[in-house]
Amino acid sequence: MADEQAQREDGGGVATAQDTLSVTDNRTGETYEVEISDGTVRAMDFRQIKVSDDDFGLMTYDPAFTNTASCRSSICYIDGEAGVLEYRGYPIDQLCEKSTYLEVAYLLIYGELPTQEQLDEWVFEITHHTFVHENIKKFVEGFRYDAHPMGMLLATVGALSTFYPDAKNIDDEGERHMAAVRMIAKMPTLAAFAYRHNLGLPYVYPDNDLSYPGNFLSMMFKMTEVKYEPDPRLAKALDVLWILHADHEQNCSTNAVRGVGSSEVDPYSAVAAGVAALYGPLHGGANEAVLRMLDRIGSAENIPDFLEGVKRREQRLMGFGHRVYKNFDPRAQIIKKHVDEVFEVTGRNPKLDIAVELEKRALDDDYFVERKLYANVDFYSGLIYEALNLPTDMFTVMFAIPRTSGWIAQWREMQMDEETKIARPRQIYMGARARDYTPIAERDRLTDKPVAETNLIDPTKG
Ligand code: CMC
């Protein structure tokens, strides 16, 4: 509870009487003082507010964490109103212009930009851990030919923990470092194997002579040539996209990594939880959904009808809206600049015209303006991925590769934070209480099993 004149441990300075919230419980007439620190109050400070001694105490209710800070973090700063995104204090546009994805990964994880020597060593380590155990190849082969690559990635990242059991020593800084290196190094390899599996093509092993994005392009697209020569413009565009996707503070997948990681499981398993969360269409799956949406719209003349359908809530305008950005998403603006560069190499994607027109019309429409809905990072990234000849199923995978560095940075920070405890929210129980078990013969039919089409595979049909 408020200890107004005490020096606060969080570096926030001396708390004064003004740094408190006075709360009067109208049920009892009691008034309480709650400390305000960094613009927040601690939910636990409300627990003392009770109507009687045996009352559990007041809880806060915030089902989607829309107004709850779950941690203190120094990794990623977002000002949603001003459209600002910074990694460790460096503006995203400067990083996209001057840095590389691997340097940014180092910055996110270790907090500072590396010296030349540190960067060389980091790049060397990552380059030399890109190979995966041959058994991983075997179980990728075990997936159905049409398995979604995110499902394959989720399984293979989780499986990495079985290859590196020492990673469970999460207090060992050496192990933490190796897990970071291995995950960043192997994620593109796992992604490329999943892609080649879908196509029935032989897997391509990593090429240590190539840059991080160049090697990824090689593992994806190398055919009969002895050495794959990635187009530097495409490698650069990919690198920029990966910088943009590297971290985004406490989003759904990062929250999943922190939540699962708080059980002190190994980091591979925690990151697998992040991959699972990213898979969903409201998160990393949105770029895939944008392309499917553009396909459905088909041509610019169908845009008005489509937007009317969105306003009637029959569907969402995918790639629009954001929980945090309410004026513009700075990542969308940077991506838009790179779209043309990519199309110079690959040829123009006609869907770009639909996307541009769709964005323009939505920005002119009161429904979207009033709700502060703008194009987000996923609106244009899918077009670049499609120009690179990637199937839509691969788009979310392209998000997971760079987000790995953010997940690891956030996992490390959580793991080293003295305030970390196992994540365990409370609930408001709404169900029945203390019912006597009813013998089966005496039960009335009160519920019906939901009817769904079965997806069971009939082995006789192949
Ligand atoms: N199309 C149509 N209406 C929308 C959209 C949209 N894309 N997004 C929000 N709205 C409406 C929503 O119906 C609500 O209207 P009302 O107040 O009349 O009920 C209002 O705008 C506020 O929306 P919300 O659902 O409260 O916003 P949220 O913060 O819960 O959701 C979001 C954020 C990203 C899930 C949502 O905007 C959305 O579903 N967008 C489409 C999916 C998408 O592009 N996701 C990628 C996000 S960026 C990548 C990432 O970081 O994961």
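The values are calculated or read from the model by the stated rules, or taken from the named source; none is laboratory data. Just so it is clear, the model here is predicted, and its values are computed rather than measured. Neighbour counts run over all protein chains shown; Cβ positions are idealised from the backbone, glycine included. Accessible surface areas use protein heavy atoms only, side chains included; no ligands, DNA or RNA. Shrake-Rupley method; radii C 1.70, N 1.55, O 1.52, S 1.80 Å.
Within region 288-312, the set of residues being near the ligand (Cβ under 9 Å from one of its atoms) and modelled with pLDDT under 95 comprises A289, V290. If you check Y203 against the conditions, is it in a helix (DSSP H, G or I) and aromatic (F, W, Y)? So Y203 does not fit the description; no. So in region 318-335, with the set limited to residues that are at pLDDT 85 or above and of a type in the set (A, V, I, L, M), which one is nearest to the ligand (Cβ to nearest atom)? Applying the filter and picking the extreme gives M318. If you go through region 54-89 and keep only what is crowded, with 18+ Cβ neighbours inside 10 Å and closer than 30 Å to L210 by Cα, you end up with I75, C76, L85, Y87, R88.
Selection over region 326-335 of residues that are open to solvent by 10 Å² or more (accessible area, probe 1.4 Å) and in a loop (DSSP other than H, G, I, E, B) gives a count of 3.
Within region 336-359, the set of residues being open to solvent by 80 Å² or more (accessible area, probe 1.4 Å) and within 16 Å of the ligand (Cβ to nearest atom) comprises K336 only. Please enumerate the residues belonging to region 370-428 that are of a type in the set (A, V, I, L, M, F, W, C) and surrounded by fewer than 17 Cβ atoms within 10 Å (Cβ to Cβ). Those that are of a type in the set (A, V, I, L, M, F, W, C) and surrounded by fewer than 17 Cβ atoms within 10 Å (Cβ to Cβ): M416, I422, A423, I428.
Of the residues examined, L388 is one that is more than 21 Å from G280 (Cβ to Cβ) and at pLDDT below 95.
Quick one: would you say L160 is open to solvent by 50 Å² or more (accessible area, probe 1.4 Å), closer than 19 Å to A400 by Cα, at pLDDT 95 or above and out of contact with any Gly (no Cβ under 8 Å at 6 or more places or on another chain)?
Judged against the criteria, L160 is not a match.
The listed residues are E249, E229, and the only one of them that is open to solvent by 20 Å² or more (accessible area, probe 1.4 Å), in a loop (DSSP other than H, G, I, E, B) and free of Cβ contacts under 8 Å to residues at least 60 places away in the same chain turns out to be E229.
Would you call A185 touching a His at 6+ places or on another chain (Cβ under 6 Å) and over 30 Å from A64 (Cα atoms)?
Yes.
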